[in-house]
1. Treat each spin label as a single point 7 Å out from the Cα along the C-beta direction, and report the N50 to Q76 distance in nm.
2. Only one of the listed values, [x] 34; [y] 53; [z] 44, was derived from the coordinates as percent of Cα pairs over 17 Å apart; which label is it?
3. Given Cβ point charges of +1 (Lys, Arg) and -1 (Asp, Glu) and nothing else, what value in debye, to the nearest 20, does the dipole of the chain about its Cα centre take?
4. How far, in degrees from 0 to 90, does helix 25-47 lean away from the longest principal axis of the Cα atoms of the chain, to the nearest 10?
5. Between S24 and R68, what's the calculated FRET efficiency when r is the beta-carbon distance and R0 is 22 Å? Round to 0.05.
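Each value in this text was obtained by applying a stated rule to the coordinates, not by laboratory testing. Please read these numbers as outputs of a predicted model, since none were measured by experiment. Glycine gets a Cβ as well: all are built from the backbone with ideal geometry, and neighbour counts include every protein chain shown.
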Amino acid sequence: MARYFISTTNHVTVMDEEGVELPSHGALRDLLRRVLTELLRDEGDLTGVNEYSAHAYDEAGRLVMVARASFSVTDQ
């Protein structure tokens with residue numbers, strides 16, 4: 001299993017210092033999807049920020065995956 005370190009950004013960047021071990025890139029993709037969905041749900045209302053990104057790095061510090069999520073509502 002590989003260890004990945006994930007940073008999240010919503011105008012402020014938070015770096016993961018511990019990392020997480022995952023069996024595949026597919027598992028990493030699923031984790032990033034869940035993390036961004038939770039951020040939008042839990043922090044979007046509190047902060048008013050509706051766009052988040054996550055960057056995943058391997059143990060050597062190489063960027064291996066980037067995910068972005070945004071949400072918008074428009075009154076008609």
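1. Simple spin-label model gives 1.5 nm for this pair.
2. Only one listed value fits the structure, namely [z].
3. 320 debye
4. So the helix axis and the longest Cα principal axis differ by about 30 degrees.
5. 0.55
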